[in-house]
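Below is one structure; the comments refer to it alone.
What follows draws every value from the coordinates through simple rules; no lab data is involved. Since we're looking at a predicted model, the values are computed, not measured. Cβ placement follows ideal geometry from the backbone for every residue including glycine, while neighbour counts extend to all protein chains displayed.
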Amino acid sequence: MVTYLGLQGVQQLVRTLGVGGFIARLADEIESDYRRWDAFEKSARVASHSADGVIELMPTSDGRLYSLKVVNGHPVNPQRGLLTVMALGLLADVRTGHPLLLSELTLTTALRTAATSALAARWMARPAPRVMALIGNGAQSDFQALAFHHLLGVEELHLFDVDTQATRRLQHNLASTPEGRGLRCIAFPSVHEAVSGADLVTTITADKRNAVILTPDMIEPGMHLNAVGGDCPGKTELHPQILQRPDLRVVVEFEPQSRVEGEVQQMPADYPVTEFAAVVSGRVQARRTERDVTLFDSVGFALEDFSALRLLHGLVQAHPECGQSLDLVPELDDPKDLFGGTLGDRSGQSPMRRSFSLGTAQSTNDLTRVDNSREWGNSRLTGAASGSHSGSSRTSRPAARSSRT
């Protein structure tokens, strides 16, 4: 049997940990995997484009586990009553190829994108940032706000979106969520006013073009820029002159993919960038001085989904009530007799093995651990929840609408 984790199961796990606690836990797992960068197979995502959008495959493996995400980006979907971005994921045992987990990844991708953004800022921004400008107040903005609040201690958000209703929705969601009530949210009438005086600037807009959301005159010494919305060819958010600043330090996830999809697609092939793995390993300093401007050119990479699936698998093994068992793969007394075991005459014999429960698959749970001393049980969940308050989509919508998850 294969473990299935649907939306309700992920919701239950996140609520157990708390949104902030879950994002913090996920950020730790992502950081741990980036420290193992050389262990992973790495490739840019495979995209199938159509007139209405894109469907992408995002695979990776560390030699023990294999993960695959299938994700779309269809900007007209809301008019059809569908999400712009939807995703599902698979985690499998490399030794046997047997699937370990089939999971929803729409909500999970929103959480992992925010976790990655905040994690990168923790390595790149000046210490103790308190004010973040959030440009684009769509589907991903709530997650970004909570991630930076809980992981970096951001206290004040400067909001701008060309759709004022999106900004009001974000303000309402954060005010009505216990974990967001410590945030002061201020709406501004322009990007320039929202950015002024901010320690951090997150751009997460959805206009599928080479947009100019940030211009050179908006950038102040010491700022950290978290550019999330530029995530496919022909889709950017920063004026090229920002990338030409002599004091700018640019960090990307996977350089071959980022040069095609990120902000740096605007620059020559020899434009200098640093991969995030080099930063978390300590080989490269992302920030040299307090006045440096840093840019995390985020497009989303398969390793981050690997981390999310590995975390979810461990959690659902400890909490099997959140998952289900699916008979996606036949389990036969004679593995060489697929026909007899599934479609043949079964009178007088039982060629199909009895299914096992989620809680008995201890060996598969071990596969998802990087640190074998890590505990996945109730005490770990309770501790994370109690400490949670400490310390790619293609679209033609207006420039400051966000839909990426």
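Pulled fully out, how much extra length does the chain show between L107 and D270, if you take 0.36 nm times their separation in residues and subtract their Cα-Cα distance?
That works out to 55.1 nm of additional length.
Would you please give the residues with an amide H less than 5 Å from that of V212, counting only those at least 5 places away or on a separate chain, with H modeled from the backbone geometry?
Correct list: empty.
Mind checking segment 76-139 for trypsin sites (Lys or Arg not before Pro) that DSSP puts in a loop (not H, G, I, E or B) and that have at most 11 other Cβ atoms within 10 Å?
Passing sites in segment 76-139 are R95.
Does segment 43-175 classify as rounded, prolate or oblate by the C-alpha gyration tensor (a ≥ b ≥ c root eigenvalues; a/c under 1.5 gives rounded; else a/b over b/c gives prolate, otherwise oblate)?
Oblate shape, in that a/c is at least 1.5 and b/c is the bigger or equal ratio.
What nm distance separates the two modelled labels at L83 and Q11, each placed 7 Å from Cα along Cα→Cβ?
Going by the 7 Å Cα→Cβ label model, 1.2 nm.
What do you get for trypsin sites (Lys or Arg not before Pro) in segment 251-289 restricted to DSSP loop and a cutoff of at most 16 other Cβ within 10 Å of the site's Cβ?
Passing both the DSSP loop test and the Cβ count: R283, R288.
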